[in-house]
Structure formats: structure tokens, C-alpha cells
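Asker: Here's a structure for you.
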Amino acid sequence: MLFIIFMLVACQKQQTDANSEQSTLASQDSSDDQTDENNETTDGDDGSSSSNEKGTQKIQETVYSSEVEARATLDAYRKVDQTNTDLGHGIKAFTEGAAGHAYTSWTEGNWYIEVDFPSNPAYTIENYEDGKDLSEEVVNYLEEHYLPAPDKRGTIEINGFKEHPETIIKWQEGSNVYKIDKKTSNL
């Protein structure tokens, strides 16, 4: 889990590096079809998409025609006003359950963070008793490690099911949306 959040902080810096690389590539003659080995560009259905891989971290970038269109792709984002769970450090979250899932969600600045954890302990990842336990660890980590603010909004979705643990981090910078999708048992 801590690895995933650390990865986000590192990727904010790498995003700046990726933007510099793209500016350099864009200034090359359009007939020159060279592709940097760390930056592969393709056309997506809803915008131009590229990946920037540094080490084991992979950032996907999608460029949209407007900030409004980019913001609409962060459909998981919502402002959490109603709360019923204290996660510590002054952070309050909303916890609810449905069909074998326990969801804990909260907002910190422009970030929306959601933990999806199984309600049946047989399906949980190791080292966490429940979704609140994992959520408290995220809050504790973020208390000590600055989470860079996205331009408009960002989302962190953490899946605590042992069969398919995953963290998806998305953030908007203008008309660009960056995404990290990490399937891992190292939550």
C-alpha cells in the first residue's frame, strides 16, 4: 500500500519529465516517425493517449480536447460531505457496505480516495482486518508524506480483495488525465 502512494508522489515529478519529453517530440518534424523508447503514443477513442514508463512505474496520459472533457473522465470523483467514520488526523470518511463489499471514502483537498474491501475476511488481503484498518494506514502515510495536489481533481481507488488487489490513481492537469493502474499484492 505504501508503495502505491509513494509511486504517486514519484509520478507527479515524472509527469513533468514526460511533458518535457512530449514537447520535444512534438517539435520534431511530423514526418519523422521515431518514437522514444520510454514514450509510446497512440490515438484513443476519446483523445490522444501515451505511456511513460520509468523503472517499474507506468503512467498513462490521455489528452482531451478540453478541461471539461478531461474532468468528466474522473467519474469516480465526488466530494464526501456526509461522514460516519473517524480515520484519525482530523480526517472523516463515509463507510457503507453492499453485496460483500465495504467501501470507505473521503476527500483530501482535490483528491477523492476510496477503499473497496471485502466484508468477508476470507477474501481480504493480508495484514488488514478491514477496510477501515487499510484506510487508516493510508491516512497515516499521507500525514507524513505530502500528496501533490492535482490541477482540478484526482482519484485513488484501492481494492483490498486478495484475489485481485489493485490501486488505480488518476489525476487531471488541464485537458490531460494521467493514470497509474497497479495490480499488486504489495498493498
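Asker: Just give me the residues in region 157-170 being over 17 Å from His101 (Cα atoms) and surrounded by 18 or more Cβ atoms within 10 Å (Cβ to Cβ), in sequence order.
Answerer: Correct list: Ile169, Lys170.
Asker: Just the residues that are modelled with pLDDT of 95 or more and in contact with a helix residue (DSSP H, G or I) (Cβ under 9 Å, 6 or more places away or on another chain), please, taken from region 90-100.
Answerer: Across region 90-100, the qualifying residues are Ile91, Ala93, Thr95.
Matching residues to (1) over 11 Å from the mean Cα position of the chain (by Cα); (2) of a type in the set (Val, Ile, Thr):
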position: Glu114; (1), (2): no, no
position: Gly131; (1), (2): yes, no
position: Val138; (1), (2): yes, yes
position: Asn159; (1), (2): yes, no
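Asker: Give the number of residues within region 108-124 that are more than 23 Å from Lys179 (Cα to Cα) and either touching a strand residue (DSSP E or B) at 6+ places or on another chain (Cβ under 7 Å) or part of a helix (DSSP H, G or I) (or both).
Answerer: The qualifying residues number 6.
Asker: Here is a further query. Can you name the residue in region 132-156 that is small (Gly, Ala, Ser) and not in a strand (DSSP E or B) and is also surrounded by the fewest Cβ atoms within 10 Å (Cβ to Cβ) among such residues?
Answerer: Ala149
Asker: What is the residue count in region 108-124 for residues that are β-branched (Val, Ile, Thr) and either touching a Cys at 6+ places or on another chain (Cβ under 8 Å) or modelled with pLDDT of 95 or more (or both)? Outline the logic, then answer.
Answerer: Here is the first cut: in region 108-124, the ones β-branched (Val, Ile, Thr) are 113, 115, 124.
Okay, now just the ones that are also either touching a Cys at 6+ places or on another chain (Cβ under 8 Å) or modelled with pLDDT of 95 or more (or both), so 113, 115.
The total comes to 2.
Asker: Something else now. Would you point out the residue of region 157-170, among those that are in a strand (DSSP E or B) and in contact with a helix residue (DSSP H, G or I) (Cβ under 8 Å, 6 or more places away or on another chain), that is nearest to Ala122 (Cα to Cα)?
Answerer: Phe161
Asker: Given the options Tyr141, Tyr77, Tyr123, Tyr146, name the one that is in contact (Cβ under 8 Å) with a residue 40 or more places away in the chain, closer than 19 Å to His164 by Cβ and not β-branched (Val, Ile, Thr). Spell out the reasoning first.
Answerer: Values: Tyr141 fails: closer than 19 Å to His164 by Cβ; Tyr77 fails: closer than 19 Å to His164 by Cβ; Tyr146 fails: closer than 19 Å to His164 by Cβ.
Only one candidate passes the filter, namely Tyr123.
Asker: Keeping to region 70-91, report how many residues are surrounded by 15 or more Cβ atoms within 10 Å (Cβ to Cβ), outside any loop (DSSP other than H, G, I, E, B) and not hydroxyl-bearing (Ser, Thr, Tyr).
Answerer: Residues flagged as surrounded by 15 or more Cβ atoms within 10 Å (Cβ to Cβ), outside any loop (DSSP other than H, G, I, E, B) and not hydroxyl-bearing (Ser, Thr, Tyr) within region 70-91 amount to 4.
The values are calculated or read from the model by the stated rules, or taken from the named source; none is laboratory data. Nothing here was measured: the structure is a model prediction, and the numbers come from that model. FYI the Cβ positions are ideal-geometry reconstructions off the backbone, even for glycines, and counts take in every protein chain you see.
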